[in-house]
1. Nearest 10 degrees, 0 to 90: what angle lies between the long axis of helix 421-436 and the longest principal axis of the chain (Cα atoms)?
2. If I model a spin label as a point 7 Å beyond the Cα along the Cα-Cβ vector, how far apart are those points for Lys4 and Lys91 in nm?
3. Multiply the residue gap between Arg175 and Ile11 by 0.36 nm, knock off their C-alpha separation, and tell me the result in nm, one decimal place.
4. Over the Cα atoms of the chain, what is the Rg over Rh ratio if Rh follows Kirkwood?
5. At 25 °C and 0.890 mPa s, what whole-number value in µm²/s does Stokes-Einstein give for the translational diffusion of segment 64-314, with Rh from the Kirkwood sum over Cα pairs?
6. What residues qualify as long-range amide H neighbours of Thr187, i.e. H under 5 Å apart, gap of 5 or more or another chain, H built at 1.01 Å from N?
7. Keeping every protein chain in place, order Lys17, Lys161, Lys88, Lys262 by accessible area at 1.4 Å, biggest value first, i.e. largest first.
8. Using only the Cα atoms, work out Rg/Rh for segment 272-364, with Rh taken as the Kirkwood radius, to two decimals.
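The values are calculated or read from the model by the stated rules, or taken from the named source; none is laboratory data. Since the structure is predicted, the reported quantities are computational estimates derived from the model, not experimental observations. Glycine gets a Cβ as well: all are built from the backbone with ideal geometry, and neighbour counts include every protein chain shown. All accessible areas refer to the heavy atoms of the entire protein, side chains included, with ligands and DNA or RNA removed. Shrake-Rupley method; radii C 1.70, N 1.55, O 1.52, S 1.80 Å.
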Amino acid sequence: MPEKPRFRTVIEPFIIKSVQPIRMTSVAEREKYLKEAHYNLFKIEAQNVLIDLLTDSGTGAMSSEQWAAIMRGDESYAGSVSYQRFEKAVKEIFGFTHVIPTHQGRAAERILFSVMCRAGDVVPNNTHFDTTRANVEFRGAQALDLVIDEGRDPASIHPFKGNMDLEKLEALIKRVGAGKIPLCMLTVTNNSGGGQPVSMANIKATRTLLNKYGVPLYFDACRFAENAYFIKLREPGYENISVREIVQEMFSFGDGCTMSAKKDGLVNIGGFLCTNEGDLARQEKDLLILTEGFPTYGGLAGRDLEAIAVGLNEVLNEDYLLYRISETKYLGEGLTNLGYPIVQPPGGHAIYIDAKALLPQIQPLQYPGQALSIELYRAGGIRTVEIGSVMFGKIDHKTGTEAPGAMELVRLALPRRTHTQSHIDYVLEVAKEVFDTRDQIPGYRITEQPPFLRHFTAKFEPVKSS
Ligand SMILES: *Cc1c(COP(=O)(O)O)cnc(C)c1O
C-alpha cells in the first residue's frame with residue numbers, strides 16, 4: 001500500500017519522452033477559421049486547435065512500455081502470440097471465460113446485440129452511450145435509461161450518480177416480462193451522465209435483482225478503472241483494497257462486457273467483447289469473422305493487441321489513477337471557483353458546463369452550448385463539444401418546429417496522459433475571460449443541416465442582437 005501523499009500537489013506520474021508540437025494562433029486567425037467552418041468546431045482542422053478537449057477516446061498518450069510492446073507484435077493471421085498476451089491480460093483483470101477482440105467498442109456492441117437481442121426486446125442500462133443505444137435500436141429493440149434521479153440533475157451531489165435505479169428496473173421487468181429483456185447493462189463510469197461512477201453496492205444489488213428474474217448482466221466497461229478508483233475513494237470498506245481487486249470484484253457480478261480500449265485501455269484503437277457462455281461466444285465469433293476478422297485478431301493488428309495488454313495493466317496503477325482523477329477535479333474546481341455551473345461532482349474523464357445556467361440570455365433554440373464552445377475556441381483555441389440542443393434537438397418535419405434537448409451542456413473531455421497542469425491553468429485563464437464577457441455572447445441559428453447526426457456537419461451563424 002503506498003503511503004498517504006504528504007504533499008498537496010499531485011504531479012503527472014510520468015516524464016515526457018516524445019512530444020507533438022501544438023500551434024499558437026491569434027484571435028484574428030481563429031475568427032477566420034470559425035467563419036470558414038461555419039461556426040462548427042467539428043470542421044476546424046486539428047492543427048488550428050491549441051488544446052483539444054473534444055474527446056478522451058483514442059486521444060491519449062501511450063507509454064514507452066506500450067511502444068516497446070508494439071515492436072513485439074506478432075502479425076500471424078491465426079494463433080498469434082500477441083493474441084495470447086492480450087487474452088491473458090483481459091482474463092486476469094476481468095475474469096471472463098471468452099475474449100473476442102474487436103476494432104473498437106461499437107463493433108463489440110453490434111456483435112453482442114446481434115446475437116442476444118431480437119425486435120421488440122428491451123435493454124435497460126443506467127444510461128446508454130449513443131453507439132450502444134443505436135446498436136440496440138438497430139436490432140428493433142428499445143434502449144431504456146434507468147439511472148437514479150440524482151444522475152439526471154446536474155447540480156445534485158451524490159457519490160455514485162451513475163447508479164442504476166433498482167425500483168425502476170424491477171418495475172420494468174414486471175411490466176414487460178423477463179422474457180423480453182435479453183440482458184441488462186451497466187455503463188461504468190456513466191459517460192452520458194457526466195462520467196459518474198456506479199457503486200459496488202449498486203452493482204451487487206443489480207445482480208441480485210437480475211438473478212431473481214434470470215436476466216444476464218453485461219458491463220459497458222470503457223472506464224472500468226476510473227470507476228473502480230471512485231469506489232476506492234468513496235465507498236466505505238474499499239479504502240484499503242487495491243484497484244485491481246476492486247475491478248475483479250466488480251466484474252465477478254457480470255456475465256460479460258463490451259469494451260472500448262480507446263478509453264481505459266490506454267490505446268488509440270481497439271476493443272473487445274467478453275462472455276462466460278460458450279454457446280454465445282461461438283455465435284459471436286462467427287459474426288466476428290464476417291466483418292471484423294479471425295478470432296485471434298478481430299480487426300486489429302497484433303501490435304494493437306500488445307499495446308492493449310500493457311495498457312490494461314498500466315491503467316490500474318494507482319499513482320496514474322490519482323493523477324487522472326485529480327486532473328479532472330482540478331479543472332472542475334477551477335471552473336466552479338470562476339463561477340461556472342458544472343455537473344457536480346466532477347466525473348472521471350470530463351467536465352460538463354451547464355451552458356443554460358451560464359448564458360440565460362440565449363434561448364435553448366439559439367444554442368447556448370454551441371455559443372459557449374465557440375467562445376472558448378475564439379478566446380483561446382480550446383476545442384470542446386456541445387452536448388445539448390444541437391446534438392439532441394428534434395425537428396418535427398411536418399410543422400418545421402424544433403424541440404430543444406433536455407440539457408445544454410459543453411463537455412471538456414481530458415485525453416489520458418496528454419496535458420500537463422499548465423495546460424489546464426491556461427484553459428482556466430481563457431475560461432475566466434469568457435466568463436467575464438458572458439453577457440455579450442450571442443446565440444446562433446442553423447443555416448444548413450443534414451437530416452440526422454446534424455452536429456457533425458450543420459452550418460451556423462451568430463444571431464445579431466438588436
Ligand atoms: C466510447 C464508448 C463506446 C463506444 O466505443 P467506440 O470505441 O467509440 O466504438 C461505448 N460506450 C461508452 C460508454 C463509450 O464511452
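1. Taking Cα atoms only, the helix is inclined about 40 degrees.
2. 4.1 nm
3. The span from Arg175 to Ile11 would gain 53.9 nm if fully extended.
4. Details: Rg = 22.1 Å, Rh = 23.0 Å.
So for the chain, dividing Rg by the Kirkwood Rh gives 0.96.
5. Stokes-Einstein gives a translational diffusion coefficient of 135 µm²/s.
6. Asn126, Thr127, Asp220
7. Lys17, Lys88, Lys262, Lys161
8. Numbers: Rg = 21.1 Å, Rh = 17.3 Å.
The Rg/Rh ratio comes out at 1.22.
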